[in-house]
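Asker: Mind having a look at this structure? Questions to follow.
The values are calculated or read from the model by the stated rules, or taken from the named source; none is laboratory data. Remember, it's a predicted structure, so these values are computed and weren't measured experimentally. Every residue, glycine as well, gets a Cβ built from its backbone with ideal geometry; the counts of neighbours run over all protein chains shown. All accessible areas refer to the heavy atoms of the entire protein, side chains included, with ligands and DNA or RNA removed. Shrake-Rupley method; radii C 1.70, N 1.55, O 1.52, S 1.80 Å.
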Amino acid sequence: MIDSENMSSLAARLRDNLSFDWNFQPAAEGFSDWKDRTRNKVRQALGVGRIAPASASVVTEWAEDGCRAQELELGFSNGETTRAYLLRPDTNGATPAALLLHDHGSFFSIGKEKMIRRSGEVSEIAADTDRWAAKLYGGRHVGNELARRGYTVLCADALGWGSRKGNGYEAQQALAANLMQFGVSYASVILLEDLEAMAWLRALAGVDGSRVASFGYSLGGSRAWQAAALSDDASACVAGGWMGTLQGLMQPGNNQLRGQSAFSMLHPPIAGKIDYPHFAGLAAPKPALIFSGAEDRHFPVPAALAAQEQLHAIWAAADAERCLETRLWPGAAHAFPVDQQDHAMDWLDRVM
């Protein structure tokens, strides 16, 4: 039987009878043992067991609001290349750094440009950049603001966006299906490249390798907590607009039931084995800020609150609950406005 949401009765039964054998069970074992064992299992299942830094070559350079800026070509171990923007404060001292992870938004013409505004950008891309910043980010370009605050900032195009844009919304499932022919998930490609970009950023001369954060919103938020969970190079995480329990998200009207964009976030090898807050919990005891809006239709309040409760239990078991902040912003929809950005950046300044 198939319902109006294109959800089969079989999928509904699987959803309602989840056991998540890899979830943290404090009565069964201590946090450290669980983390070591489970992190290794997740990394191996997703094909990210060994992470080498991406390679990088400079395409062009420019000055940006008191910062030095570069367009880079990054090369990954899977043979893929992408374009990235790097902003560096004009200082001789070592700086903290942020790997910025752009959103999905069903808007593919730009990726890195969603987060970083480049002076002298070609007019068509500049128009898309400004329009997207106005729609999701309160008119601010998050990467530029972080650089003004003293962070070295890297943002790269994920597969399907910007310099790697494909054929739009309807083509996402074909992209995912073509990779599945070879046992590779679309989401795992994005994750591997994020981890290798993080490793490159941490090793960059002029970056304080002990102060490198993953930072993103929406799909970028999901990418941020995954990177913090699996990367030894990430020391903190800001993840907005993507957290809930699987059962709570697989409800009528949610994107989890629609296919398309969901493929960029789904990891079949670990599906049903570990729930989202427990995957994110592999980042503990690192400082993490994880939040969403109370009016975010993609992440309903019950699903968000249930996940936040589980996150706090995991950080508490790691003796680090003080390092975790979760928020449900009153009246906020699926957007990352300036007041939330300021809160996130102030929080990051404190923990870094």
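Asker: When you scan segment 148-158, do you find a residue that is under 21 Å from Thr91 (Cβ atoms), out of contact with any helix residue (DSSP H, G or I) (no Cβ under 9 Å at 6 or more places or on another chain) and surrounded by fewer than 19 Cβ atoms within 10 Å (Cβ to Cβ), even just one?
Answerer: Checked against the condition, which is being under 21 Å from Thr91 (Cβ atoms), out of contact with any helix residue (DSSP H, G or I) (no Cβ under 9 Å at 6 or more places or on another chain) and surrounded by fewer than 19 Cβ atoms within 10 Å (Cβ to Cβ), segment 148-158 yields at least one hit.
Asker: Cβ-Cβ under 7 Å, sequence separation 6+ or interchain: first residue in segment 336-352 and modelled with pLDDT under 95, partner charged (D, E, K, R) and open to solvent by 10 Å² or more (accessible area, probe 1.4 Å). Which pairs?
Answerer: Qualifying pairs under 7 Å: Met352/Arg211.
Asker: Which of the residues belonging to segment 315-327 are open to solvent by less than 50 Å² (accessible area, probe 1.4 Å) and within 20 Å of the chain's Cα centre (by Cα)?
Answerer: Hits for segment 315-327 are Trp315, Cys323, Leu324, Glu325, Thr326.
Asker: Under 7 Å between Cβ atoms, at least 6 apart or on separate chains: pull out the pairs that start in segment 155-179 with a residue that is at negative phi and without any contact (Cβ under 8 Å) to a residue 40 or more places away in the chain and end on any residue that is among the hydroxyl-bearing types (Ser, Thr, Tyr) and open to solvent by less than 30 Å² (accessible area, probe 1.4 Å).
Answerer: The qualifying pairs are Leu179/Ser185; Leu179/Tyr186.
Asker: Would a scan of segment 226-243 turn up a residue that is of a type in the set (Ser, Thr, Tyr), modelled with pLDDT under 95 and farther than 19 Å from Trp347 by Cβ?
Answerer: Checking segment 226-243: not a single residue is of a type in the set (Ser, Thr, Tyr), modelled with pLDDT under 95 and farther than 19 Å from Trp347 by Cβ.
Asker: Name the one entry in Glu196, Glu170 that is modelled with pLDDT under 95, charged (D, E, K, R) and over 12 Å from the mean Cα position of the chain (by Cα).
Answerer: Only one candidate passes the filter, namely Glu170.
Asker: Among the candidates Leu159, Leu204, Leu219, which residue alone is within 23 Å of Val142 (Cα to Cα) and out of contact with any Phe, Trp or Tyr (no Cβ under 8 Å at 6 or more places or on another chain)?
Answerer: Leu204
Asker: Say whether the condition of being touching a strand residue (DSSP E or B) at 6+ places or on another chain (Cβ under 7 Å), of a type in the set (Gly, Ala, Ser) and not in a helix (DSSP H, G or I) is met by at least one residue in segment 131-139.
Answerer: No.
Asker: Condition test on Gly241, is it of a type outside the set (Lys, Arg), touching a Lys or Arg at 6+ places or on another chain (Cβ under 8 Å) and crowded, with 21+ Cβ neighbours inside 10 Å?
Answerer: Spelling it out, it is not the case that Gly241 is of a type outside the set (Lys, Arg), touching a Lys or Arg at 6+ places or on another chain (Cβ under 8 Å) and crowded, with 21+ Cβ neighbours inside 10 Å.
Asker: If you don't mind, there's one more thing I want to ask. Check off (1) open to solvent by less than 10 Å² (accessible area, probe 1.4 Å); (2) in contact with a Leu (Cβ under 6 Å, 6 or more places away or on another chain); (3) farther than 19 Å from Ser57 by Cα for Ala176 and give me the number that stays unchecked.
Answerer: Here Ala176 meets the rest and fails (2).
Asker: Restricting attention to segment 286-298, which residues are within 10 Å of Met243 (Cα to Cα) and open to solvent by less than 10 Å² (accessible area, probe 1.4 Å)?
Answerer: Ile290, Phe291, Ser292
Asker: While we're looking at this one, here's another question. So Asp128 fits all but one of (1) within 23 Å of Phe76 (Cα to Cα); (2) in a helix (DSSP H, G or I); (3) open to solvent by 10 Å² or more (accessible area, probe 1.4 Å); what number is the exception?
Answerer: Every listed condition holds for Asp128 apart from (1).
Asker: Something else about it: (1) more than 20 Å from the chain's Cα centre (by Cα); (2) farther than 22 Å from Leu87 by Cβ; (3) not polar (S, T, N, Q): which one isn't true of Ile125, the others all being true?
Answerer: (2)
Asker: Oh, and also: Of the residues Phe107, Phe182, which single one is out of contact with any Gly (no Cβ under 8 Å at 6 or more places or on another chain), of a type in the set (Phe, Trp, Tyr), open to solvent by less than 50 Å² (accessible area, probe 1.4 Å) and not in a helix (DSSP H, G or I)?
Answerer: Exactly one residue qualifies, and that residue is Phe107.
Asker: Further, regarding this structure: Scan segment 102-126 and report the pairs whose first residue is hydrophobic (A, V, I, L, M, F, W, C) and whose second residue is assigned to a loop (DSSP other than H, G, I, E, B) and surrounded by fewer than 19 Cβ atoms within 10 Å (Cβ to Cβ), with Cβ atoms within less than 7 Å and a gap of 6+ or a chain change.
Answerer: The qualifying pairs are Phe108/Gly166; Phe108/Gly168.
Asker: Can you tell me which residue among Ser163, Ser119 is modelled with pLDDT under 95 and surrounded by fewer than 20 Cβ atoms within 10 Å (Cβ to Cβ)?
Answerer: Ser119
Asker: Exactly one condition in (1) modelled with pLDDT of 95 or more; (2) crowded, with 16+ Cβ neighbours inside 10 Å is false for Ala94; which is it?
Answerer: Going through (1) modelled with pLDDT of 95 or more; (2) crowded, with 16+ Cβ neighbours inside 10 Å one by one, Ala94 breaks only (2).
Asker: Among strands (runs of 3 or more DSSP E) lying entirely in segment 10-89, which contain 2 or more residues that are farther than 25 Å from Arg149 by Cβ, modelled with pLDDT of 95 or more and open to solvent by less than 50 Å² (accessible area, probe 1.4 Å)?
Answerer: none
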